[in-house]
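A short write-up of the structure that comes next.
All of the numbers you see were taken from the coordinates with simple rules; none came from a lab. Owing to the predicted nature of the structure, the values given are computational and were not obtained by experimental measurement. Cβ placement follows ideal geometry from the backbone for every residue including glycine, while neighbour counts extend to all protein chains displayed.
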Amino acid sequence: MLNSEYPPLGGGQGNANKYLYEEFKNYSNLEIDIITASVNDKKVEISTLGKIYYLDIGKKNTNLHWQSAKELIVYSIKSLRLALKLYRNRKYDFIVAWSGVPSGFLAYVLFLIKKVPYITLLRGADVPFFEQRWKYLDRFIFCWLSPIVWKNSKFVITNSSKLRELALQLSPKQHFYLIPNGIDSKKFQGKDYELHDKLRILSVGRLNEIKGFSYLIEALRDINGVSLTIIGNGPLLEKLKYQSKGLDVTFLGNVAHDKLIDIYRSNDVFVLPSLNEGMSNTVLEAMACGLPLILTNVGGSFELVNGNGFIVSTKNSKAIKEKITEFLKDRSLINTMGMRSRQLAENMSWSKVAQDYFELFEKV
């Protein structure tokens, strides 16, 4: 497996890889090595499934939830060298590339050199025109490079129907499989429902433009009896703090994954106002902890909302405010929709996701 992020580095993509890797340990006929990036020095971890190679890309324990273009280039060069070295000593059956760029491109190069087949997993921003900040690279490079990587993949797998639709716009003849993310519903347990003085809203994500936090903060204006907790860090932190002056908004920064559980369980409603999304792991975690949802009409929202919350349009503070007000007027929705979230999450285990991937692995 090639993945430029793996815990503690990165976000949802790395966490998804880790959960699947743990599930694959239950398959006696699988051996998997991972080449990923380190948060400091290079190291190798050995497990019953294989080895995890952490490459030093110069992070030095800084900005663990974000990687610069330079760091991704360093990862690409070092991982390609290591992959070629490993392949000389061990003939791998196939490669799993986590994301179309850079891992998918690296897998394509290895395919050209060593003729080893590969599977590409599309996660979100690696699909051209998913995110505005990459629009020039998408227009002049990735809009022609990505279809080549996908076409030569044994399988291309997306994690939501919306992401598949976006990819199809670029490659209408390409077949895209859909395997959504899973959730550890044993680790993320349901909550006890109790009324708080204020309606407690939680949102988790990187503080950048695509997560749309400014629209959520704006939605709180002129609403009494609401508090908001935002978990995450990023370039918009100071701007969002300034915007939230006079409102009951708390910024907790980055929080260790294991400590998130208690925070989910102490809140009433989970809101993710993203402008675009693959399938958010934080939404799945909130569901498993029994929180009702307010999501925008992007990514995996339509797979995740079914009687357990509301879907609103993007960049629409008014619509978010209206749905928050519904929870304020009828607190019983927190209980009924929250229980429905938990019910849905229990049917989205990582073990099922692992089985779906394994069935495709066997076809390679």
Kirkwood-based Rg to Rh ratio, the stretch 57-109, C-alpha trace:
1.02
State which entries of 18/241; 25/187; 135/352 exceed 24 angstrom in Cα-Cα distance in the structure shown.
18/241; 135/352
Might you report the magnitude of the Cβ-based charge dipole of the stretch 1-127 about its Cα centre, with Lys and Arg at +1 and Asp and Glu at -1, to the nearest 20 debye?
480
With the 8 Å Cα cutoff and a minimum separation of six or more residues, the stretch 89-165 has a relative contact order in percent of 32
Hits among lysines - C-alpha to C-alpha of residue 245 under 24 Å, sequence gap 8 or more where chains match:
198, 211, 315, 318, 321, 323
Give me the percent of Cα-Cα pairs in the stretch 152-258 that sit more than 20 Å apart, rounded to a whole number.
60
Which residues in the stretch 197-218 place their backbone N less than 18 Å from a point set 7 Å from the Cα of residue 132 along the Cα-to-Cβ direction?
206-218
Rounded if a/c under 1.5, otherwise prolate or oblate - the stretch 240-304, Cα gyration tensor axes:
oblate
Stokes-Einstein D (µm²/s) once Rh is taken as the Kirkwood radius of the stretch 268-329 over alpha-carbon pairs, at 20 °C in 1.002 mPa s
186
Give me the distance between the Cα centres of the stretch 232-250 and the stretch 116-191, rounded to whole Å.
31
Give the shape of the stretch 199-345 as rounded, prolate or oblate, defined through the alpha-carbon gyration tensor: a ≥ b ≥ c are the square roots of its eigenvalues, a/c under 1.5 means rounded, and otherwise the shape is prolate if a/b is larger than b/c and oblate if not.
rounded
Electrostatic dipole magnitude of the chain [Cβ: Lys, Arg +1; Asp, Glu -1; Cα centre; debye, to 20]:
1060
Roughly how large, in nm² to one decimal, is the mean projection of the convex hull of the alpha-carbon atoms in the chain?
17.4
